[in-house]
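Trainee: Quick one: structure below, then a few questions.
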Amino acid sequence: TETDNVSCDVPRYKLYQTENTWNLLELDTRTGRIWQVQYVVNSTNRFKMQTVWSLLSYGEDEETAPNGRFELYPTHNMYNFLLLDQVTGRVWQIQWSIDEDSTRGIVDEIE
């Protein structure tokens, strides 16, 4: 069941601050999926949008992957983070944006 994989020590979901006051990134530490979360005083501009759709825990399904498998690391570019698979060592460049026409999600795997 869902609760079988939940550990009090390792959360399934984590929020990461960006340098933008109104935007955070939510990471599913089990699958590597990421959402951009925007909050503001004006409720019409609040949203949560998935930016990484892929299940990155290759060889495991969503229910068997361990919590804490993925971790996000900020870079000196406020729109880019590095996503680390702590099991395989794979690293992806992740980009978020407030501009609808800009690239969002996985830019590329760093090999």
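The values are calculated or read from the model by the stated rules, or taken from the named source; none is laboratory data. Predicted, not measured: the structure shown is a model, and the values here were computed from it. We place every Cβ from the backbone using ideal geometry, glycine too, and count neighbours over all the protein chains shown. Note: accessible area is taken over every heavy atom of the protein model, side chains too, but ligands, DNA and RNA are not part of it. Shrake-Rupley method; radii C 1.70, N 1.55, O 1.52, S 1.80 Å.
Trainee: How many nm separate the modelled label positions at GLU109 and ASN20, each set 7 Å beyond the Cα in the direction of the Cβ?
Mentor: 2.8
Trainee: Let me ask you something else. If you rank GLU111, GLU19 by how much accessible surface each has, with a 1.4 Å probe, what is the order from largest down?
Mentor: Of GLU111, GLU19, the descending order of accessible area is GLU111, GLU19.
Trainee: Now for a separate question. What is the packing order of peptides 12-18, 78-84, 32-38, taking the mean over residues of other C-beta atoms within 10 Å and listing the highest first?
Mentor: In decreasing order of mean packing, 12-18, 78-84, 32-38 become 32-38, 78-84, 12-18.
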